[in-house]
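The values are calculated or read from the model by the stated rules, or taken from the named source; none is laboratory data. Being a predicted model, the structure only gives us computed values, none of them experimental. Every residue, glycine as well, gets a Cβ built from its backbone with ideal geometry; the counts of neighbours run over all protein chains shown.
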Amino acid sequence: MAYNRRDKGAFGKLSKSIGNMEASRLIVEQYKNWDKFCSENNGGWFWHTTDWLEYILNFKPERQAENFSFFVSENGKIKAIVPLVSEINEFEGNNVREFSYQQGPVPAPVFDSRLSDGKKELLKKLVFEEIDRLAQQHKISRARFWNSPLPPEFLETPPISNYLTQFGYKDISLKALLIDLKKNEKELWREMRRNHRRNILKERKFKIIFYKRENINAEIFNAYKETHHKAAGRKTRSDKTFEMMFDWLKRGLAFLTAVEFEEKNIGFEYYLVYKNNVYGASAANDPDFAHLAIRHSLEWEAILWMKQQGYSFYEIGLQQRGALPYDFPSKKQINISHFKKGFGGFEVPLFIGEKYYNEEYREKIAQWRKQQFEIYVEELGNN
């Protein structure tokens, strides 16, 4: 199990003005209570669970991930959970410690939806003050948080702004693409790009197989793992993370889709399932069959299968059409976004915020981003 830092005495009562609330560091013995709160609260999704937390802590040992997650309770009942991991990330050849998940943003805290608006706002303030204190105490250079569009709270009442900016975070939001699985098959087909429909009809030779807890086995999962390594050209993360993914399949937290061609598995996609919504987490195609339009058929059949299972929404991925002052997608990433947009759906904000605790690091990032944006604009002008 990954290192789970305790730091006795680092937490105490937050404020008498909001009752008898206390902040406590998350330890393994509290995992069950944490996950119960996440499951029962409309603001939580799989990203907030201890399953995903352990995945992050075990992702790459060289990043020396440390768990600073904490929860706030009142009279023994959890009122907020705050996922928080510090990692060593590299920038310009130097190691920098940040609050991040896989070098990306941390899932934003989840607050008890039954709290009054006033009490929730005060609790938010105190939670982010505690994050600031931990960052300064442990020499964290930057913190980044994001709000997933998949929790019921987001889908029922979509936020219109990035609340993280209230606590000193700079808005660096992006967009995500959701597919409404409640639409009928004709609507979903009609909303797809014409070229996608044509490729799907042309590639009827593929057999699409779905594996979930009832039929998943080690042989098929290992085939996915091997294809993942082959597609990447290397081993990208620890074996422990694959063990976790296999466990999630057996527990019903995921399903695996395989594309079979001439009795050989040539492509896979691994999907996470939580609170009746789905996220496409990992795709791997056998590079020996790169000439075939594997993903068109896989995604379409997966969408239909998700619909048949009664799922509500599918987050198919980011929408990156070009550079922003803080985001510089590669041509490959832009092409992937364009491909995913071809399946229809609708865009939603992916609210992200970042905050610096090291002014020198902030200036270096700002300068690097400025240079990258200028390069992008220049290349755009030359094309």
Quiz item: Among (1) modelled with pLDDT of 95 or more; (2) surrounded by 15 or more Cβ atoms within 10 Å (Cβ to Cβ), which single condition is Ala293 missing?
Solution: (1)
Quiz item: Which of the residues spanning segment 327-350 are of a type in the set (Ser, Thr, Tyr) and either closer than 21 Å to Lys183 by Cα or at pLDDT below 95 (or both)?
Solution: Ser330
Practice problem: Kindly establish whether Ile303 is at pLDDT 95 or above, assigned by TED's automatic domain parsing to the domain that holds Arg204 and assigned to a helix (DSSP H, G or I). | Solution: yes
Quiz item: If you scan segment 20-34, which residues turn out to be within 19 Å of Leu123 (Cβ to Cβ) and not small (Gly, Ala, Ser)?
Solution: Asn20, Met21, Glu22, Arg25, Leu26, Gln30, Asn33, Trp34
Exercise. Can you confirm whether segment 211-218 contains a residue that is among the hydroxyl-bearing types (Ser, Thr, Tyr) and under 21 Å from Ile294 (Cβ atoms)?
Key: yes
Quiz item: Which numbered condition trips up Lys364, out of (1) farther than 24 Å from Phe46 by Cα; (2) of a type outside the set (Val, Ile, Thr); (3) in a strand (DSSP E or B)?
Solution: (3)
Exercise. Provide a single number: the residues in segment 260-292 that are under 26 Å from the mean Cα position of the chain (by Cα) and in a loop (DSSP other than H, G, I, E, B).
Key: 3
Quiz item: Within the set of pairs 6 or more residues apart or between chains, which connect a residue that is within 15 Å of Glu219 (Cα to Cα) and in contact (Cβ under 8 Å) with a residue 60 or more places away in the chain inside segment 246-271 to a residue that is of a type in the set (Phe, Trp, Tyr) and buried (at least 23 other Cβ atoms within 10 Å of the Cβ) with Cβ atoms less than 7 Å apart?
Solution: none
Practice problem: Could you tell me which of the residues Ser69, Ser24 is among the polar types (S, T, N, Q) and more than 13 Å from Pro107 (Cα to Cα)? | Solution: Ser24
Quiz prompt | Residue count for segment 63-93, restricted to those that are part of a strand (DSSP E or B), of a type outside the set (S, T, N, Q) and either touching a residue at least 40 places away in the same chain (Cβ under 8 Å) or outside the structural domain of Leu26 (by TED's automatic domain parsing) (or both) | solution = 11
Quiz item: What strands (runs of 3 or more DSSP E), lying completely within segment 138-256, carry at least 2 residues that are out of contact with any Phe, Trp or Tyr (no Cβ under 9 Å at 6 or more places or on another chain) and among the aromatic types (Phe, Trp, Tyr)?
Solution: none
Quiz prompt | Out of Phe206, Phe167, sole residue that is in contact (Cβ under 8 Å) with a residue 40 or more places away in the chain, at negative phi and not assigned by TED's automatic domain parsing to the domain that holds Ser337 | solution = Phe167
Quiz item: Out of all the residues in segment 140-148, is one or more at pLDDT 95 or above and more than 19 Å from the chain's Cα centre (by Cα)?
Solution: yes
